[in-house]
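The values are calculated or read from the model by the stated rules, or taken from the named source; none is laboratory data. For clarity, every value in this text was computed on a predicted model and none was experimentally measured. Cβ placement follows ideal geometry from the backbone for every residue including glycine, while neighbour counts extend to all protein chains displayed. Heavy atoms of the whole protein, side chains included, go into the accessibility calculation; ligands, DNA and RNA do not. Shrake-Rupley method; radii C 1.70, N 1.55, O 1.52, S 1.80 Å.
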Amino acid sequence: MLQTRICIALAFIAAPVFASEPVIGLITKTETNPFFVKMKEGAAAEAKAKGAKLLSAAGKADGDNAGQVTAIENMIAAGAKTILITPSDSKAIVPTIKKAREKGVLIIALDSPTDPADATDALFATDNFKAGVLIGEYAKATFAGKPAKIATLDLFPGHPVGAQRHNGFLQGFGLQSFDAKNNELAKPANVVCMADSFGDQAKGQTAMENCLQKNPDINLVYTINEPAAAGAFNALKKAGKEKNVLIVSVDGGCQGIKDLKSGKFAATSQQYPLKMAAMGVAAGVEYAKTGKKPSGYTDTGVTLIANKAVAGVDSKDSKAGMDMCWGNK
């Protein structure tokens, strides 16, 4: 009888541990970029549907590693057993991630891998090299043999996503490039200017203005994302050159698709942040319930969106892009 009472008491004590809601953290690079706003919305919706508690934080700006380190530490202290992160500094964040994993915290990278990639348990992201290849192929088909003088408005040095998109674009255009595992930026002779935009519209405009000063005959611009593309367009328009330069980019946000439709740029590779975040939360809930961890890389998809179709390159139009976009419509 005593043994039975003890068992019942233990079961009563243990039950709330297993019944409590899983705590999942989401740490993005910034809170202002529409891409990360949509990611947070996707995570929040999935957490509500799965009965999980979502904690969220972000760096002050792209590249703010210290802010992300603090966020990880705070979330662990608050009971998070899964943390989803878009690393601002792919290398500098690794020691903090290592400490978190040693404490049993599941770490999933979203959108951007760490360096090395296996520093996290898993990566849910766009194939960023493929995203670059798609817009490179589109630009090559559009130029149809016409000589290209290229400006690249990149992210910042050493970031895997920036390198993959840049090098993928060059490969797609048929120029000498590096493979997807190399975080250096290739610079074949056709690239007459390379500048860091930090994915920001104002910095993108300044970068484009500087490139035009170096070489006013630029006729093709690759940008790391659509805010940088909007900045590049503003600089070109200010210089009276917007009609003679082809701009291609990556993201597929609703504002970006609107800009594409209005003719500010020609094509973009659309990615899906809501899907990344929802998959991350679902994996966190599964880990909380069963202890099962995801591993390796999961491709969350990419689609080429273009105003004008070109022969030999598969794409969807801006209407389809608006149907699938993220951000305010």
Restricting segment 197-292 to trypsin sites (Lys or Arg not before Pro) in coil, as DSSP defines it, with at most 14 other Cβ within 10 Å
Lys292
How about Lys316: which aspartates and glutamates have a C-alpha closer than 17 Å to its C-alpha, ignoring those fewer than 8 places off in the same chain?
Glu137, Asp251, Asp259
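Rg over Rh of the chain, using C-alpha atoms and the Kirkwood radius, what does it come to? Show your work: numbers first, answer last.
On the way: Rg = 22.0 Å, Rh = 20.6 Å.
Dividing the radius of gyration by the Kirkwood radius yields 1.07.
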Calculate the spin-label point distance for Thr206 paired with Gln176, positioning each point 7 Å from the Cα along the beta-carbon direction, and give it in nanometres.
3.2 nm
With no solvent and one equal point scatterer placed on each C-alpha of segment 120-160, evaluate the Debye formula and give log10 I(q)/I(0) for q = 0.19, 0.22, 0.31 Å⁻¹, two decimals.
-0.77, -0.91, -1.14
In this structure, among Lys187/Lys241; Lys98/Lys275; Lys238/Lys275; Lys243/Lys329, pairs with alpha-carbon gaps over 31 Å are Lys238/Lys275
Ignoring ligands, DNA and RNA, what accessible area per residue does segment 140-182 give at 1.4 Å, in Å²?
41 Å²
Sticking with the crude label model, points 7 Å out along Cα→Cβ, report the distance from Glu41 to Lys99 in nm, one decimal please.
3.5 nm
For Cα pairs less than 8 Å apart in space and 6+ apart in sequence, what is the mean separation divided by the residue count of the chain, i.e. the relative contact order in percent?
18 percent
For the chain, with all protein chains present and a 1.4 Å probe, just round the carbon and sulfur fraction of the accessible area to a whole percent.
54 percent
What angle do you read, to the nearest 10 degrees and between 0 and 90, between the alpha-carbon axis of helix 65-77 and the longest principal axis of the chain?
20 degrees
Once you put a point 7 Å from the Cα of Ala49 and another 7 Å from the Cα of Ala117, both along the Cβ direction, what distance in nm separates them?
2.7 nm
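Per DSSP H run of n ≥ 4, the term is -39500 (n - 2.57); total these for the chain, divide by its residue number, and report the mean residue ellipticity at 222 nm rounded to 500 deg cm²/dmol. Kindly include the intermediate steps, with their values, before the conclusion.
Working: 11 runs with 146 residues, N = 329.
Mean residue ellipticity, 222 nm, calculated: -14000 deg cm²/dmol.
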Charge tally for neighbours of Val285 with beta carbon under 12 Å away, counting Lys, Arg as +1 and Asp, Glu as -1, is +3
By accessible area of protein heavy atoms, probe 1.4 Å, what ranking do Arg165, Arg101 get, highest first?
Arg101, Arg165
